[in-house]
Amino acid sequence: MVFTGIEILFFTLGVMVTLIIISLIRYNKKYKFSALSWALLGIGSFLLVFCLAWSVSSVLEGVPRAASMGLMVFGIPAILLVLTGRRTVLKNQLKND
Amino acid sequence: MNKLNSKNNNAINRRNFLKVGVAGAAIGAISIPAKGREKLVEKVNKNVGPNLIKVHDEFPYEINSTFKRHSSMDLLFSGALFGTHPEDTDILNSGHRFIENNQKHDNSKKGWDQLGAAINAGGWALHHAVSANACFSQAGQGILKWEQLSEAEGKQGSHSSKDWVSDEKYKFRDKQEASNAIKRAARLFGADLIGITKRDKRWDYTDFFDGNLMLQGKRDEAVYGWEKFPFEPKSVIVLAFEEDYECIAAAPTHLGGAAVGEGYTRMTKVAYQLSVMLKQLGYMAVPASNDVGMSVPYAIAAGLGEGSRMGTLVTYKYGPRVRLAKVYTNLDFVEYDKPIEFGVMDFCKNCKRCADACPGKAISFDTEPTFEPPYDNAWYNSTGIKKYYMDARKCIKVWGDFGSDCGSCVAACPYNKPDFWHHRLVDKITKLMPGPVHDFMREMDIAFGYGDVDNPEKVDKFFDASNRSYDGQ
């Protein structure tokens, strides 16, 4: 084993966070996010990253039930927040058009 | 704040990241100039740190006027295995059944089979070979001896062990250097956590006894006091040893017992090694297991953790999954550690998972800690300390039934988790939240699948070879 699971996890999380920040900045340039959109997308993205970190860590420590619960408790709100955030962005866009 | 930064100050690892600076690290990532970042992290540490880990100057639990030191003869194992209280046949019977059942295995039950029993025997083997009965609080056993040979005496015997007090006393530059050197050496020898505190007579047994003489009925000859101790101790170095998570999770089985025995084996080894090191520096030292004094209050005083509902120490890093050893020494030119508090006793008020899990119902369900045990006909030692009392009589009865260490309370405790970042994060959040949230945290701990005991799947998990490599790759 070259890298341990937790090392790969934190490396992947770093890449994910970078990509999310770049995407948010790029889409902000294109769509001009409102404060609400920033809050929803920001918190949603954070929760999504946290959900992944939690669930993979739980699998690595050998407690799959904690991983499933993590997906439910953190993952579902994360997706809802990101989708709502996307919706507010698109609504604003429609208004501006 | 030194407390927070002292353990891993060479790198921002996951623990420190979570412990002292989620905000600082996050803002740092958005490239604030280095100087500003340092100031910000310092500010966050200053404001958030004390809320997470509080450092006390004195022993953190109230002690009232009814507190009395007690004899090592009042300990549960002394009564159960050496008959120090022969009138209490209940305890004696439990002790006898423990010894009898400890020799047995049951191949129809996972973890209680011959394989489990064999691993248990292996875990305990070295402890029993070199310091038999130290686990039962017998003082001066095997290599945990009280003997302090002078250099001249020592050199007449075996030169290689160097178990004598050097004529030349090593002078440390300052107390911190002494403390750092002792802790680094203890870590080298195999201790996981190390704290140093002043010797406190309150935690030492008033007297001791020779178990063999006691069993022969020579009670008067068997008992001896502190006059036999070779020096006036000034400091106590407390060592904590992590027990294997998967072994303890399999409790109550022989595997749980194996983790305990393996802990005792390392306790004996490291305490002895540290005592020889101190002797070679010119100071007197006596290594101790459960004997000489009470390990839990010493560990609390040495800043290794907090007390708990089940009576064991709960450490920040390993929860209750530790064993404790001590080294008494006359070295006092050393920096002492201070007791810490990170929310365990508060959490215990609402949690009660250990009390639920205890097969003997030996752990109190009272919400608040008390100065006296809340049971009738209970077996306990010190009273007058505000804590949760457990009934050792019920506890040893279960041990007798099992013929092995039980450990269900330790396995069920929400602080008993592997050393993963997300558990430390939950600990922090729990500490910052008020009592009602603790109830919720307890329920979530159950929902997330942690801490169930007497589960044969845990035994399978211990033996599961997937995701492990034993071949050096």
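Where a number appears in this text, it was derived from the coordinates with a stated rule and is not lab data. Not measured: the values here are computed from a predicted model. As a convention, Cβ positions derive from the backbone with ideal geometry for all residues, glycine included, and neighbour counts pool all protein chains shown.
Before moving on, here are some points about what is shown:
- Residue A:80/residue B:470 FRET efficiency (R0 41 Å; Cβ-Cβ; nearest 0.05): 0.40
- Computed over the stretch B:276-387, Kirkwood Rh from alpha-carbon pairs, angstrom: 16.0 Å
- Taking the charge dipole of the protein assembly as shown about its Cα centre, with +1 at Lys and Arg Cβ atoms and -1 at Asp and Glu Cβ atoms, the residue from B:64, B:418, B:407 reaching farthest to the positive side is B:418.
- Here the ratio of the Cα radius of gyration of the stretch B:334-473 to 2.2 N^0.38 Å is 1.24.
- For the protein assembly as shown, the mean projected area of the C-alpha convex hull, equal to one quarter of the hull surface, is 30.4 nm².
- Separation of the alpha carbons by more than 20 angstrom is noted, of B:171/B:279; B:54/B:338; B:104/B:461; B:171/B:269, for B:104/B:461; B:171/B:269.
- Taking the C-alpha atoms of the stretch B:122-210, convex hull volume expressed per residue in Å³: 170 Å³
- P(r) weight above 18 Å for the stretch A:10-97, C-alpha pairs, percent: 49 percent
- Percent of alpha-carbon pairs separated by more than 11 Å within the stretch A:53-97: 67 percent
- Length available on full extension from residue B:220 to residue B:160: 0.36 nm per residue minus the Cα-Cα distance, which gives 17.8 nm.
- In the stretch B:391-473, the alpha-carbon atoms span a convex hull of 154 Å³ per residue.
- Convex hull volume per residue for the stretch B:95-168, taking Cα atoms only, in Å³: 121 Å³
- When Rg and Dmax are taken over the Cα atoms of the stretch B:82-230, they come to 20.5, 61 Å.
- Computed over the stretch B:236-322, Kirkwood Rh from alpha-carbon pairs, angstrom: 13.9 Å
- Extension gain for residue B:62-residue B:444 works out to 134.4 nm (0.36 nm per residue, less the C-alpha to C-alpha distance).
- Taking the DSSP bridge list for chain B and keeping only pairs wholly inside it, about 95 percent are antiparallel.
- Dipole moment magnitude, nearest 20 debye, chain B about Cα centre, only Lys, Arg, Asp, Glu C-beta charged: 1760 debye
- With viscosity 1.567 mPa s and temperature 4 °C, the Kirkwood radius over alpha carbon pairs of chain B converts through Stokes-Einstein to a diffusion coefficient of 55 µm²/s.
- On the basis of the beta-carbon distance and an R0 of 41 Å, residue A:87 and residue B:54 show a calculated FRET efficiency of 0.35.
- Note on the stretch B:75-120: Rg/Rh from C-alpha atoms, Kirkwood Rh, equals 1.16.
- The charge dipole of the protein assembly as shown, taken about its Cα centre with unit charges on the Cβ of Lys, Arg, Asp and Glu (plus for the first two, minus for the last two), comes to roughly 3020 debye.
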